[in-house]
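The values are calculated or read from the model by the stated rules, or taken from the named source; none is laboratory data. Keep in mind it's a predicted model, so treat the numbers as computed, not measured. Positions of Cβ are generated from backbone atoms using ideal geometry, with glycine treated the same way; all protein chains shown enter the neighbour counts. These accessible areas exclude ligands, DNA and RNA; they are computed on the full protein's heavy atoms, side chains included. Shrake-Rupley method; radii C 1.70, N 1.55, O 1.52, S 1.80 Å.
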Amino acid sequence: MPNSVVNTAHRLRGAAVAFLLIAANCAQPPPTSAVAIPPIPRGAARLWFYRDYELYETLARPYIRLNEQVAGISEPGGAFYHDLAPAHYSITVDSAGRDVNQFAEVDLAGGQEAYAKTLSLRSWLADDCLVWGGCDTFYVRLMPADTARAAIAASPFYGGS
């Protein structure tokens with residue numbers, strides 16, 4: 001077999017393998033409703049984090065922080081939870097833009113479940129944003145259980161602890 005045929009076959013096979021590897025990495029996690037979520041551990045509280053997929057907002061993936069410690073990544077359209085010790089928590093999200101009332105505070109008791117939604121406002125123009133069009137500005141809001149559960153059920157599930 002001529003070398004050019006062998007080289008072409010190797011290149012095509014390599015391209016096919018590369019495509020499959022890329023496609024496999026791009027697979028979205030299952031919706032939260034399709035995952036068996038365990039009960040809240042005895043003596044713990046559960047805090048859910050979620051974010052709607054907004055077509056015209058940023059797709060940035062900022063860190064969500066609990067009491068200044070990274071708790072996870074805010075995935076556009078995604079959801080995850082943490083089981084935590086009952087305590088007071090400050091919930092923030094890394095944000096280039098700064099605004100008033102950007103973040104949330106919550107006191108969690110044992111057995112309690114709370115829901116923190118990340119919101120994006122790309123058009124916010126803060127003094128430290130140098131480019132016209134604003135910069136990625138994120139907010140955290142505590143949401144009512146019924147509203148949050150419906151949104152989380154349809155969101156890709158990024159894990160829990």
Regression test value, accessible area per residue of the range 70-123, probe 1.4 Å, units Å², expected 42 Å²
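Of the heavy-atom accessible surface of the range 20-89 (probe 1.4 angstrom), what whole percent is carbon and sulfur? Mind dumping the intermediate values first?
Working: 2450 of 4150 Å².
Of the solvent-accessible surface of the range 20-89, carbon and sulfur hold 59 percent.
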Simple spin-label model, 7 Å along Cα-to-Cβ: residue 33 to residue 113 in nm? 1.5 nm
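Of all GluC sites (Glu not before Pro) in the range 19-100, which ones are in loop regions per DSSP and have a Cβ with at most 10 other Cβ atoms within 10 Å? Spell out each step's value before the answer.
On the way: sites: 54, 57, 68; in loops: 54, 57, 68.
Those satisfying the criteria are 68.
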Mind ranking 88, 82 by accessible surface for me, highest first, 1.4 Å probe? 88, 82
Could you work out how much longer the chain between residue 149 and residue 83 gets when fully extended? Use 0.36 nm per residue separation minus the Cα distance between them, nm to one decimal. 22.1 nm
With labels modelled as points extended 7 Å from the Cα through the Cβ direction, what inter-label distance (nm, one decimal) is found for residue 142 paired with residue 68? 2.2 nm
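Report the relative contact order of the range 36-105, percent, no decimals, based on alpha-carbon pairs under 8 angstrom and at least 6 residues apart. Could you put the intermediate results ahead of the total?
On the way: 109 pairs, mean separation 23.9, N = 70.
That works out to 34 percent.
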